[in-house]
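Please read the structure below before turning to the comments.
The values are calculated or read from the model by the stated rules, or taken from the named source; none is laboratory data. Given the structure is predicted, the values throughout are model-derived calculations rather than measurements. Using ideal geometry, Cβ is built from the backbone for each residue, glycine included, and neighbour counts are taken over all protein chains shown.
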């Protein structure tokens, strides 16, 4: 999936506070290339600008997972309504609080009965808005959950689970149980250096545990939807890709632990380590770099 890197970086929680707001909101991005793709059993994905949107359209319900930005959200909403014969949207989920997954909330909320996320997400969204001068008030989830949530939507059961801090402090996995499709949000980057939002509650060490749990607990034929992927690569992947991402983080922590034990500074680590053996195909760009991940790993492992 092709990602507008500038839009992704500026609207994610930590970086948005540093961006001049007049410039950020005054610019009009070029129209994004958008596409609806069927995945399995009435479940599909929508790609455009920002994190991958998941969806369910069956005779009884219309559900969306994540909302991208306002412009692509409008395209997605219109497309879902067309697929559903004009039916409104029953439920929208936010997998976490970052702007490239929640920036279209207002557009979806106008058409949906409710917006659901983990209970930490509203406060994290308000924290980002509060740290950003003149930022508009975010459209917050109106329904939240602690550990798990589940409901029947026609012949499909959708469940949501929170397994502790990972990419942020409020990441949910949304699973379409009968279809065996799991939307991982930004808990899964495919062959792309991830954002690790330490200010937003992230934990690389627990992120590894979450990936292992998702690979172990879900059926072998589960299709996993990644929030982002390396350009030209799919955002729908299998268990092997989930475990590969787990291995990437293990390699990051291994290199970082070795550097700390040798008395290296964070700056020396991030300067000297230009690639990870076995993960050279991972793509970066902007602040999404191996150096950025290593810097967060250093801070996490060095924390008292």
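Things to note:
- Taken residue by residue, segment 276-288 has at least one member that is in contact with a helix residue (DSSP H, G or I) (Cβ under 8 Å, 6 or more places away or on another chain) and more than 23 Å from residue 167 (Cβ to Cβ).
- Counted residues, segment 100-123 - those being in a helix (DSSP H, G or I) and crowded, with 24+ Cβ neighbours inside 10 Å: 6
- For segment 176-188, the candidate set comprises residues that are surrounded by fewer than 23 Cβ atoms within 10 Å (Cβ to Cβ) and touching a residue at least 40 places away in the same chain (Cβ under 8 Å); within that set, the residue that is nearest to residue 303 (Cα to Cα) is 180.
- Just one residue in the set 160, 179, 215, 202 is in a loop (DSSP other than H, G, I, E, B) and either closer than 20 Å to residue 247 by Cβ or under 15 Å from the mean Cα position of the chain (by Cα) (or both); that residue is 202.
- Members of segment 250-277 that are under 24 Å from the mean Cα position of the chain (by Cα) and over 21 Å from residue 206 (Cβ atoms): 275
- All positions within segment 218-244 that are part of a loop (DSSP other than H, G, I, E, B), under 14 Å from residue 189 (Cβ atoms) and out of contact with any helix residue (DSSP H, G or I) (no Cβ under 7 Å at 6 or more places or on another chain): 226, 230, 231, 233, 234, 235
- Selection status of residue 247, at pLDDT 95 or above, over 15 Å from the mean Cα position of the chain (by Cα) and in a loop (DSSP other than H, G, I, E, B): no
- Residues in segment 78-99 that are surrounded by fewer than 24 Cβ atoms within 10 Å (Cβ to Cβ), part of a helix (DSSP H, G or I) and touching a strand residue (DSSP E or B) at 6+ places or on another chain (Cβ under 7 Å): 79, 83.
- For segment 134-157, residues that are touching a residue at least 60 places away in the same chain (Cβ under 8 Å), assigned to a loop (DSSP other than H, G, I, E, B) and either touching a strand residue (DSSP E or B) at 6+ places or on another chain (Cβ under 6 Å) or closer than 21 Å to residue 227 by Cβ (or both) total 1.
- Failed condition for residue 8, given (1) at pLDDT 95 or above; (2) touching a helix residue (DSSP H, G or I) at 6+ places or on another chain (Cβ under 9 Å); (3) surrounded by 20 or more Cβ atoms within 10 Å (Cβ to Cβ); (4) not in a strand (DSSP E or B): (1)
- Residue 196 vs. criteria more than 14 Å from the chain's Cα centre (by Cα) and buried (at least 23 other Cβ atoms within 10 Å of the Cβ): no
- Just one of the listed residues (208, 225) is crowded, with 16+ Cβ neighbours inside 10 Å, closer than 23 Å to residue 45 by Cβ and under 20 Å from the mean Cα position of the chain (by Cα), and it is 225.
- Residue 74 being free of Cβ contacts under 8 Å to residues at least 60 places away in the same chain, surrounded by fewer than 24 Cβ atoms within 10 Å (Cβ to Cβ) and farther than 15 Å from residue 107 by Cα: no
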